[in-house]
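To start, the structure itself, in structure tokens.
Values quoted throughout were computed directly from the atomic coordinates according to the rules given, and no laboratory measurement underlies them. Just so we're clear, the structure is a prediction, and the values are computed from it rather than from any experiment. Glycine gets a Cβ as well: all are built from the backbone with ideal geometry, and neighbour counts include every protein chain shown.
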Amino acid sequence: MGRTGTSRPRPSEWRIARRGNDGAASSGTAARVRPLFSGPPTPRRWTQSAPVALTHRVRAGQRGFSAVHRLLTHALTGMDRRLGELAPRIQPRGDYRRPMERERAPAIRAVLIDIDGVLTVSWEPLPGAVEAMERLRAAGLPLALVTNTTSRTRASICARLTGAGFPVSVDDILTAPAVTAAHLRENHPGARCLLLNAGDIQDDLTGVTLVEPEAQADVDVVVVGGAGDEFGYAALNRVFHHLQRGAHLVAMHQNLYWRTADGLDLDTGAFLLGLERAARVEATITGKPSEAFFAAALAHLGADASATLMVGDDIESDVLAAQRSGITGTLVKTGKYLPETHRSADGTPDHVLDSFAALPDLLEQLASDSR
């Protein structure tokens with residue numbers, strides 16, 4: 001039965017005019033094409049705001065592209081509006097869950113702080129570093145200075161920092177040499193160790209038996225510290241010979257470079273890679289980024305990893321390594337920080353600051369978020 005011009009078609013009868021090869025609509029008051037919408041009938045209220053053209057077949061004079069475009073636009077606009085109203089009430093099938101609350105940031109109860117490039121460069125304090133350390137002390141937050149510095153003992157480091165105004169003590173400082181000594185006592189007790197290092201750190205190597213570099217005695221462990229003038233050809237070749245004869249290789253760290261007042265200087269990692277490849281051995285790393293180092297730092301403070309924050313300028317050895325141990329990582333854009341190293345890193349720091357001076361404000365914000 002025919003319908004008058006004012007009758008309303010059912011949704012399944014809405015049609016789009018078919019276009020011919022010349023771009024014009026095909027003859028007939030309405031082209032016999034597939035319905036615009038298939039499936040269950042569309043709820044009537046979805047189309048109440050659509051113009052009359054949407055609810056009628058396209059008239060012969062409106063069968064061009066512009067008419068079809070208007071028809072689709074009105075239809076999709078109406079659907080989007082209605083779906084937007086329904087979206088908050090749509091729940092996934094099966095497992096029902098309440099809307100998630102905003103995840104609270106973990107409360108930070110301890111802080112690990114790198115020294116070189118974070119607090120100082122060439123032992124000169126960075127701007128705002130002393131004041132930031134004073135704020136941390138005033139807040140009563142447990143902290144440890146964790147460093148791969150191998151040129152000085154803990155006592156010497158403490159003297160330089162306190163002389164620069166930092167409120168720290170020897171007990172606050174944990175160094176790669178001190179952790180290395182603990183590793184050697186536990187894993188190589190009584191071993192004869194050859195030390196290759198720039199700087200006198202013997203006071204921190206308690207319980208470790210050291211042999212003279214020129215001695216002809218057999219060496220059980222080669223211990224590599226920080227690079228310097230001592231890393232000449234003769235010294236490196238001597239280490240290579242001991243490794244060929246079966247000595248273990250222990251490195252206090254594997255940093256490729258560090259920041260000085262004159263710029264970036266090569267560090268142990270650049271030489272360690274050559275020794276490992278030439279002797280076909282793999283070094284045991286005792287300082288950062290080893291998990292054992294961070295475990296020792298947490299034990300030193302009696303802190304849980306989830307409640308501890310590490311701040312450093314080395315995205316790999318300081319920050320991402322700490323995050324792999326469950327510690328919150330914070331990268332500062334001072335010291336050895338380079339934008340290209342940041343971009344090419346294997347992970348993303350939890351936080352990035354311009355400098356250590358901004359750390360107290362970050363900790364206050366995290367404390368507020370955890371409440």
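For segment 269-371, relative contact order (Cα pairs under 8 Å, six or more residues apart, normalised by length) works out to 19 percent. Would segment 174-231 count as rounded, prolate or oblate if I go by the C-alpha gyration tensor, calling it rounded below 1.5 in a/c and otherwise prolate when a/b exceeds b/c, oblate otherwise? Oblate.
Spin-label pair residue 281-residue 202: with each label point 7 Å from Cα along the Cα-Cβ axis, the two points sit 2.3 nm from one another. Computed from label points 7 Å out along Cα-Cβ, the spacing between residue 273 and residue 333 is 2.7 nm. Other residues whose C-beta falls under 14 angstrom from the C-beta of residue 135 contribute a net charge of -3, scoring Lys and Arg +1 and Asp and Glu -1. Taking Cβ atoms as reference points and 15 Å as the exclusive limit, the residues near residue 308 contribute a net charge of -3, counting Lys and Arg as +1 and Asp and Glu as -1.
When you count the other C-beta atoms within 10 angstrom of each residue and take the mean per peptide, 238-245, 281-288 line up highest first as 281-288, 238-245. What the phi angles of segment 112-126 give under the Karplus curve with 6.51, -1.76 and 1.60, with θ = phi - 60°, is a coupling list of 9, 10, 6, 9, 5, x, 10, 8, 9, 9, 6, 6, 9, x, 7 Hz, glycine and proline written as x.
Between residue 369 and residue 342, the FRET efficiency from the beta-carbon distance, with R0 = 22 Å, is close to 0.35.
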